[in-house]
Amino acid sequence: MKVAGRPGEASAGEGIVIRAIELREVSLPLVRPFRTSFGEETVKGAILVRVESDAAEGWGECVASPLPRYSSEWIDGAWRMLENVMAPALAGATIGRPEDVGERLGWIRGHRMAKAALEAAVTDAWLRSRGLCLRDFVGGVRDRVPCGVSVGIASSPQAMLEEITGYVDRGYRRVKLKIEPGRDVEVVRTIRRSLPTLPLSVDANAAYSLADASIFEALDELGLVMIEQPLHHEDLMEHAKLAERLQTPICLDESIRSASDAAAAIDLGACTVINIKSGRVGGLVESVRVHDAARERGVPVWIGGMLETGVGRAVNVALASMPGVTLPGDTSGSDRYFSEDLTAPFVVEPDGTMAVPSAPGIGVEIEPERLAARTVRQVRVPP
Ligand code: OSB
Ligand code: MG
């Protein structure tokens with residue numbers, strides 16, 4: 001099979017013509033509520049983007065949440081942006097390479113999650129039209145990837161421990177605990193006591209300030225593999241100051257919106273690990289650039305998640321096969337989120353790994369009846 005070449009490399013062959021773009025908002029019940037320092041979700045809402053081209057169709061998932069708590073984007077805002085601005089800007093366009101999407105939408109400031117969804121859908125169509133798979137497009141080097149799991153804040157440390165034990169028994173190789181002020185050191189200590197050798201990390205989703213440094217100094221004693229996004233997403237300097245006081249590596253999530261953010265954060269000493277999410281950085285092409293910027297600086301990366309359906313999960317798992325991804329990601333099995341996904345489920349085997357799809361495009365197919373049953377609104381551009 002001919003390899004597509006990584007983003008940015010020239011390729012022969014004609015482009016695809018975008019005929020129409022369809023948006024669908026879907027709503028899937030979660031198997032258990034997911035609580036973070038910024039709120040609780042009991043259903044997963046997402047916008048799915050379907051691109052119709054002259055050659056093939058493609059799908060992408062927008063990871064914006066119902067409210068702008070994780071980042072400034074949110075479902076209704078992303079919907080309007082996609083329907084009124086981005087889809088009209090791409091309808092009728094000829095796309096020579098997936099990078100063209102970012103270039104055509106480059107004048108739009110921000111709105112990275114909306115851009116990423118559209119770029120993923122166009123890339124899926126483009127790859128399918130050539131019989132190429134996403135793993136090869138992003139320079140993936142692995143057939144299987146190690147999986148971790150992100151555990152929401154529970155009512156008690158005991159409840160959290162029970163949930164974690166279930167995941168460990170299923171093979172997950174790293175467990176990430178959500179923390180918030182008041183539910184941090186004691187919870188982590190309890191879990192650490194029961195599972196002394198488990199690779200464990202915490203994610204604060206920006207809920208603390210530098211005045212809370214003593215909390216992180218206490219966590220520093222618990223042998224964590226990393227502390228994710230302890231402080232405000234716009235405070236790189238503060239993260240650098242905290243990092244100086246800790247042995248535990250700091251990983252940034254919300255703070256990193258681009259490869260240039262990644263380079264700046266690493267060079268400032270604000271982090272020594274990066275969580276890559278394609279939605280947060282504006283797409284696949286930028287995700288590869290973040291990976292490359294971190295790799296050049298010797299910084300390990302891993303692939304985060306936003307409770308995606310199988311459509312977004314396929315993108316995450318392909319990215320997790322890149323060579324600089326050296327830590328298990330939040331690429332959990334579909335059954336950790338949904339009793340029934342929109343695609344065939346992603347399965348974590350007992351060894352804690354998951355297969356990287358190798359079929360053309362994103363490598364998964366949507367089940368039309370399930371999609372229809374979960375769709376709450378729909379629009380097509382042009383009508
Ligand atoms: O901070 O990584 C995060 C989910 C929604 C919003 C933010 C985050 C998360 C997760 C879940 O941690 C990761 C997953 O399993 O998809
Ligand atoms: Mg995070």
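The values are calculated or read from the model by the stated rules, or taken from the named source; none is laboratory data. Please read these numbers as outputs of a predicted model, since none were measured by experiment. Note that we place each Cβ from the backbone using ideal geometry, even for glycine, and neighbour counts take in every protein chain shown. Accessible surface areas use protein heavy atoms only, side chains included; no ligands, DNA or RNA. Shrake-Rupley method; radii C 1.70, N 1.55, O 1.52, S 1.80 Å.
General remarks:
- The share of accessible area on the stretch 136-355 that comes from carbon and sulfur is 50 percent, using a 1.4 angstrom probe.
- Mean Cβ count within 10 Å, highest first, over the residues of peptides 246-254, 112-120: 112-120, 246-254
- The slack between D143 and L222, meaning 0.36 nm per residue of separation minus the straight C-alpha distance, is 25.1 nm.
- Dipole-positive endmost among A206, S339, V281 within the stretch 136-355 (Cβ charges, Cα centre): S339
- When the square roots of the Cα gyration tensor eigenvalues are ordered a ≥ b ≥ c, the ratio a/c for the stretch 136-355 is 1.5 or more and a/b does not exceed b/c, which makes its shape oblate.
- C-alpha long axis of helix 284-296 to longest principal axis of the chain, angle in °: 50
- Residue-span extension gain [E14 to A240] - 0.36 nm each, minus C-alpha spacing: 76.7 nm
- Relative to the longest principal axis of the Cα atoms of the chain, helix 259-268 runs at roughly 20 degrees.
- For the chain: lysine pairs under 29 Å (alpha-carbon distance), excluding those fewer than 8 apart on one chain: 14
- Between the stretch 249-314 and the stretch 166-207, the Cα center-to-center distance that results, in Å: 21
- For the stretch 262-383, the relative contact order comes to 20 percent (Cα pairs under 8 Å, sequence separation of at least 6).
- Bridge type composition, the stretch 86-220 - antiparallel percent by DSSP, nearest 5: 10
- What the stretch 136-355 shows is 34 Å² of accessible area per residue, with the surface traced by a 1.4 Å probe over protein heavy atoms.
- Taking the C-alpha atoms only, the angle from helix 185-194 to the longest principal axis of the chain is near 90 degrees.
- Stokes-Einstein diffusion for the chain at 4 °C, viscosity 1.567 mPa s, with a Kirkwood radius from C-alpha pairs, works out to 62 µm²/s.
- Residues whose amide H comes within less than 5 Å of that of L327, counting only those at least five positions distant or on another chain, are V301 (H built at 1.01 Å from N in the peptide plane).
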